[in-house]
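> Please find one structure pasted underneath; my questions will follow.
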Amino acid sequence: MPDAWTEDISTNNEPATETDGTPIRPRSFIEKKIKIVTLQLARFLSRWSWITPNRITVVSASLGGPVAAWQIYQGNYLVAVAAIAISGILDDIDGDLARETGMVSPEGAILDSVLDRYVDFFVISALILISPEPHLIPGLLALLGASLVPYIRARTEAEGKKSVATIGDRTTRLILLVIGILTQQFFALLIILAAISHLAAIHRFIFALIPDSQD
């Protein structure tokens with residue numbers, strides 16, 4: 001699932017970095033285990049030249065966005081969860097494959113980031129449409145937060161300032177989506193996604209407003 005709502009710790013064809021420019025390493029136990037698997041899969045896929053990071057990115061976004069959203073709307077929750085899980089794995093593999101094959105590019109990073117926004121829109125919209133009246137407000141707040149977090153980072157870095165890593169990484173979001181969809185606690189899921197995204201946005205916004213120290 002794309003890193004969309006909060007930390008955005010990796011992009012398609014560009015190594016993720018800490019605010020001081022050093023690479024971000026997997027932080028949780030689950031992330032470390034997933035990274036071991038995705039690195040091996042990336043090395044295996046690098047044997048075929050027609051399998052490119054950008055193509056994996058498109059497949060990942062298609063599964064995690066319109067495919068998962070349609071399955072949610074149709075009530076096929078197990079299929080939706082499977083699509084989201086596979087999308088999340090592919091979202092890690094594309095960056096690993098780019099680094100493995102030397103295909104890191106700013107265009108790939110842009111593609112990944114833009115498609116992440118579409119994935120957010122499709123999934124959250126599907127959760128809203130399940131029950132529009134109670135889900136509308138938290139769903140719209142979740143969509144707003146999903147857009148604000150990466151926008152604040154991009155705007156901050158465009159001004160030559162460093163952004164900051166924040167709460168709710170991709171693994172956390174995937175786990176929340178899986179639990180929320182499987183238990184069909186959609187209202188609670190939207191509330192949690194909205195809260196996490198806005199806390200992350202406020203965190204980054206406040207950090208961005210701190211003047212850089214003068215040497």
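The values are calculated or read from the model by the stated rules, or taken from the named source; none is laboratory data. Just so you know, these numbers come straight off a predicted model, no measurement behind them. As a convention, Cβ positions derive from the backbone with ideal geometry for all residues, glycine included, and neighbour counts pool all protein chains shown.
> May I ask you to list the residues in segment 124-146 that are under 15 Å from GLN184 (Cβ atoms) and either in a helix (DSSP H, G or I) or not hydroxyl-bearing (Ser, Thr, Tyr) (or both)?
Scanning segment 124-146 gives ALA126, LEU127, ILE128, LEU129, ILE130, PRO134, HIS135.
> Evaluate the following for ALA158: is it surrounded by fewer than 15 Cβ atoms within 10 Å (Cβ to Cβ), at negative phi, at pLDDT 95 or above and not polar (S, T, N, Q)?
It is false that ALA158 is surrounded by fewer than 15 Cβ atoms within 10 Å (Cβ to Cβ), at negative phi, at pLDDT 95 or above and not polar (S, T, N, Q).
> Here's another thing I want to ask about it. If VAL164 satisfies every condition in (1) crowded, with 21+ Cβ neighbours inside 10 Å; (2) outside any helix (DSSP H, G or I) but one, which is the exception?
Checking VAL164 against (1) crowded, with 21+ Cβ neighbours inside 10 Å; (2) outside any helix (DSSP H, G or I), the one that fails is (1).
> Continuing with the same structure: If we scan segment 75-85, do we find a residue that is under 13 Å from LEU174 (Cα atoms) and out of contact with any helix residue (DSSP H, G or I) (no Cβ under 8 Å at 6 or more places or on another chain)?
Yes; the residues of segment 75-85 include at least one that is under 13 Å from LEU174 (Cα atoms) and out of contact with any helix residue (DSSP H, G or I) (no Cβ under 8 Å at 6 or more places or on another chain).
> Next question. Among the residues of segment 119-134 satisfying the criterion of being of a type outside the set (A, V, I, L, M, F, W, C) and under 24 Å from SER62 (Cβ atoms), which is modelled with the highest pLDDT?
SER125
> I need the helices (runs of 4 or more DSSP H) fully contained in segment 1-82, keeping only those with at least 1 residues that are under 30 Å from PRO132 (Cβ atoms), at pLDDT 50 or above and β-branched (Val, Ile, Thr).
53-62, 68-74
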